[in-house]
1. Keeping to the range 35-72, report how many residues are within 16 Å of His19 (Cα to Cα) and among the basic types (Lys, Arg).
2. Just to be sure I understand the filter: pairs with C-beta atoms under 9 Å, separated by 6 or more residues or on different chains, first member in the range 39-59 and touching a residue at least 12 places away in the same chain (Cβ under 8 Å) and among the aliphatic types (A, V, I, L, M), second member in a loop (DSSP other than H, G, I, E, B) and buried (at least 16 other Cβ atoms within 10 Å of the Cβ). Which pairs pass?
3. So, in the range 54-73, how many residues would count as being more than 18 Å from Phe7 (Cβ to Cβ) and either assigned to a helix (DSSP H, G or I) or in contact with a strand residue (DSSP E or B) (Cβ under 9 Å, 6 or more places away or on another chain) (or both)?
4. Does Ile90 satisfy being aliphatic (A, V, I, L, M), surrounded by 10 or more Cβ atoms within 10 Å (Cβ to Cβ) and modelled with pLDDT under 85?
5. Any chance you could count how many residues in the range 16-41 are part of a helix (DSSP H, G or I) and modelled with pLDDT of 90 or more?
Amino acid sequence: MNDKQIFFRERLSDELNYHGISKIEFAEHVGISINTLNMYLYRGSIPAADIAVKMAQALNTTTEYLVTGADSTTPPSKSGTKSDWQKKEISHILNTLTPHQLTHFLEIARAYKNGVSQGE
C-alpha cells in the first residue's frame, strides 16, 4: 500500500468521524455498497473519480483534499492548529443552516465581531 492510499483512507475516516456520519448512511448517500466503502477505508483502495467527487460533496470538502490532502481553494495554513478545526466547524455549521438561519447567524457574528473589536 502506498502513501496516497494510506492518507486517502485516513482522511476519509477522519471526515466521516468529524461529520458524525455512519458508514451505512454515507455509502447510501454516495451510491456505493458498504463493502465498497470498506475497501476504501480498510484495504486502501482509491475510488474512481466519479465516486471520489460524490464522496467529497457528501463530506463538504474537495476531491483534491481527500486524495492528496491539499486544498487549492484556500491558502496553506499551519496544519492542526486550534483555529483550523474551529474554522472547519464554523464552515460545517454554515453549510447546514437554512437561508433564514444564516441571516440571523451573520447578524450575531457581526455584532460579536464589532463588540470584541471595540473592547480590545
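1. Residues that pass the stated criteria total 1.
2. Ile51/Ile32; Ala52/Ile46; Met55/Ile32; Met55/Pro47; Met55/Thr61
3. 3
4. Yes: the conditions hold for Ile90.
5. Residues that pass the stated criteria total 17.
Residue by residue, here is whether (1) polar (S, T, N, Q); (2) surrounded by 15 or more Cβ atoms within 10 Å (Cβ to Cβ); (3) at negative phi holds:
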position: Gly20; (1), (2), (3): no, no, no
position: Ile24; (1), (2), (3): no, no, yes
position: Ile46; (1), (2), (3): no, yes, yes
position: Val53; (1), (2), (3): no, yes, yes
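The values are calculated or read from the model by the stated rules, or taken from the named source; none is laboratory data. Nothing here was measured: the structure is a model prediction, and the numbers come from that model. Here the Cβ is made from the backbone with ideal geometry for all residues, glycine too, and neighbour counts use every protein chain on show.
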